[in-house]
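Undergrad: Structure incoming, see below.
The values are calculated or read from the model by the stated rules, or taken from the named source; none is laboratory data. Just so we're clear, the structure is a prediction, and the values are computed from it rather than from any experiment. As a convention, Cβ positions derive from the backbone with ideal geometry for all residues, glycine included, and neighbour counts pool all protein chains shown.
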Amino acid sequence: MTIGRGVIRGHAVTLRRFLVTFARDFRDGLALRRRGGGGLLVDLFRGPARGEERVVVQDATTEGLFTVEYPDERLPVYERFRVLPVLVYDDEDGNVRCTSCNICAKVCPPQCIWMVQAKSPKGTVVPLPEDFFIDMDVCMNCGLCAEYCPFDAIKMDQNFELANSERHQTHVFGLQDLLVSSAYYAQTHPEAWSGPEEVAERAKVAKKKDRRLQKALGVEA
């Protein structure tokens with residue numbers, strides 16, 4: 001009898017959540033909108049446009065079904081959520097923070113980062129990357145490269161929708177694929193951007209940017 005009561009109680013909880021889900025959708029005006037399925041050939045209800053997907057927050061107060069109908073519904077992306085590294089450049093002058101010091105490649109556990117250091121017209125090595133590569137299929141999203149970067153040039157991005165039908169070339173990200181503006185990083189990581197460490201790093205980069213540019217152009221100080 002104890003086992004029978006447990007089964008009945010479980011079905012009752014499931015039925016309650018099922019009914020509460022419909023009541024919640026009617027209350028929020030979502031009863032006549034499609035929830036899930038992605039792009040359909042025949043769609044009686046308008047699906048959400050890109051960037052207009054409903055964000056579903058699940059916590060201890062959540063009632064109803066716990067299914068998130070991705071991609072029409074999404075879980076919130078929090079600031080510390082990390083996927084692949086990106087390289088930050090400053091909006092003011094377009095200078096890339098990376099100095100091609102190779103520290104990120106050395107500390108990378110799966111060794112998925114490699115780069116080519118730039119040279120001046122005189123043939124001397126300058127602290128700028130001519131090219132920068134990350135194999136996203138090998139990257140383990142650990143964030144060590146961003147943690148050890150002395151110039152805060154490499155950061156962890158939140159974009160997780162990277163799947164495609166070809167993996168041998170398109171999954172190796174080059175310099176132009178990895179570059180993001182400082183405004184983009186400030187928007188996705190507002191707390192880190194306004195933190196004291198990031199503010200101090202921006203001041204340090206601002207002091208050195210003119211000297212780095214002169215060296216890259218082969219101009220004597």
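Undergrad: Of the residues in segment 153-178, how many are within 20 Å of C104 (Cβ to Cβ) and part of a loop (DSSP other than H, G, I, E, B)?
TA: 7
Undergrad: Got a number for residues in segment 74-102 being of a type outside the set (S, T, Y) and over 18 Å from the mean Cα position of the chain (by Cα)?
TA: 11
Undergrad: Run down V116, V96, V125, V138 and say which single residue is of a type in the set (V, I, T), more than 26 Å from Y70 (Cβ to Cβ) and at pLDDT 90 or above.
TA: On inspection, the qualifying residue turns out to be V116.
Undergrad: Please find, within segment 63-102, the residue that is surrounded by the fewest Cβ atoms within 10 Å (Cβ to Cβ) out of those that are among the hydroxyl-bearing types (S, T, Y) and in a loop (DSSP other than H, G, I, E, B).
TA: Among those residues, the one meeting the criterion is Y78.
Undergrad: Considering A49, A105, A146, A60, which residue is more than 23 Å from the chain's Cα centre (by Cα) and either outside any loop (DSSP other than H, G, I, E, B) or loosely packed, with under 13 Cβ neighbours inside 10 Å (or both)?
TA: A60
Undergrad: Also, quick follow-up: Can you run down the residue pairs with Cβ atoms below 7 Å, 6 or more apart or on separate chains, where the first is in segment 92-115 and farther than 15 Å from P150 by Cβ and the partner is exposed (fewer than 13 other Cβ atoms within 10 Å of the Cβ) and not small (G, A, S)?
TA: Pairs found: P109/M140; P110/M140.
Undergrad: All but one of (1) under 17 Å from V68 (Cα atoms); (2) at pLDDT 80 or above hold for P48, so report the exception by its number.
TA: Going through the list (1) under 17 Å from V68 (Cα atoms); (2) at pLDDT 80 or above, P48 breaks only (2).
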